[in-house]
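Working notes, structure below.
The values are calculated or read from the model by the stated rules, or taken from the named source; none is laboratory data. This one's a predicted model, so the numbers in the text were calculated from it and none came from an experiment. No Cβ is skipped: glycine too gets one built from the backbone with ideal geometry, and neighbour counts run over all protein chains shown.
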Amino acid sequence: MTHHLARDIRVLSETRGLERVAAGYAADAPSPPGWIKPGPAEVWIALSDQTWLRFVIAGEEIGGLWTLRLVLAAGLMLIGIAALGVWSARKVTAPLARFSLAAQRLGANVDAPPMSEEGPSEIRQAAKAFNGMQNRIRRLIEDRTLMLAAISHDLRTALTRLGFRTEFIADAEQRRKAAADLEEMQAMLQSTLMFARDDAATEPVTPVDLAMLLQSLCDDLQDAGQAVSYDGPPHLTYRGRPVSLRRAFANLIDNALKYGQEAAVTVAEKNNAIEITVGDRGPGIPESMRSRVFAPFFRLESSRSRETGGVGLGLTVARTVVRRHGGDITLDDRPGGGLLVRIVLPASPAVNP
């Protein structure tokens, strides 16, 4: 410290003709151990008359500089350690982030691109196992689809033969009932096959005006004399699968009209998400049954009869479509009575092109 101090004073004194400058500690100054320096420090400057001008600098002045250096060194060390820790943590968690993204893609689309098998040997092995699992799931779904197609062909052939045979029933009333049963069986078979094939998963993702899609559904039903209303923005661009979204919202609005006599549709953007609600004035659904109504073929017999209802796949299909877009669907009580179906879609949907 005194060496730098003497150098600085010498530089400043050269313009004054002062050539002899010295700095240091007094000979009798104590030398305690550790970071504490002896003091006070002294600076000697030789004058032209051969006398010396002596400056004494308090010890705490120089000690403060040492403290500053110590603090700066410790701060730089901490910054380096923190940067190294962040870099190490990212190196460790980056493969986990890739696995999480791959799992999300697989949940939305079983035909999503496989994971890249890169990185350390453990990561490559895990990625290879994940891709193998995805291939097995894909083959399982393909086998199921082929099996359902074969069953569908056989059942339709049998139903066609039964349809011809009903024409030979003498009793007109029984013939009408048999024809109605066959019609219902064909509708159930068609709905079941459409749900099992899940054609929505292969539909490409495109920009769609979600507000216009809902307004068109409401306008068509209003023209048919149904009690349907729309409240929301005139336009709302969204990236999704338009056919599957239209099918999902049509199912929800049809349910509201069948079992609640009206359908009030609202659309709003909230917290980086899009919220769509469909409300009716029907008897509603008990809270204990709200999770079960999304199961395939499940019905509430007390309020949703076979004469007025479908085959029990409307809510199932709607939730499947919404979840494929990264959102979710819930059921609540509507203020004033009735059921309120709430759909929340992320503004940036986690769907795969």
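Would you say L340 is at pLDDT 90 or above and on the phi < 0 side of the Ramachandran plot? Taking the combined requirement at face value, the residue satisfies it.
Within segment 120-154, restricting attention to residues that are hydrophobic (A, V, I, L, M, F, W, C) and modelled with pLDDT of 80 or more, the residue that is nearest to A179 (Cα to Cα) is L140. Regarding R299, is this residue modelled with pLDDT of 85 or more, over 22 Å from H325 (Cβ atoms) and assigned by TED's automatic domain parsing to the domain that holds Q222? So R299 fails the test. Being small (G, A, S), in contact (Cβ under 8 Å) with a residue 12 or more places away in the chain, surrounded by 11 or more Cβ atoms within 10 Å (Cβ to Cβ) and in a helix (DSSP H, G or I): is that true of A126 here? Judged against the criteria, A126 is a match.
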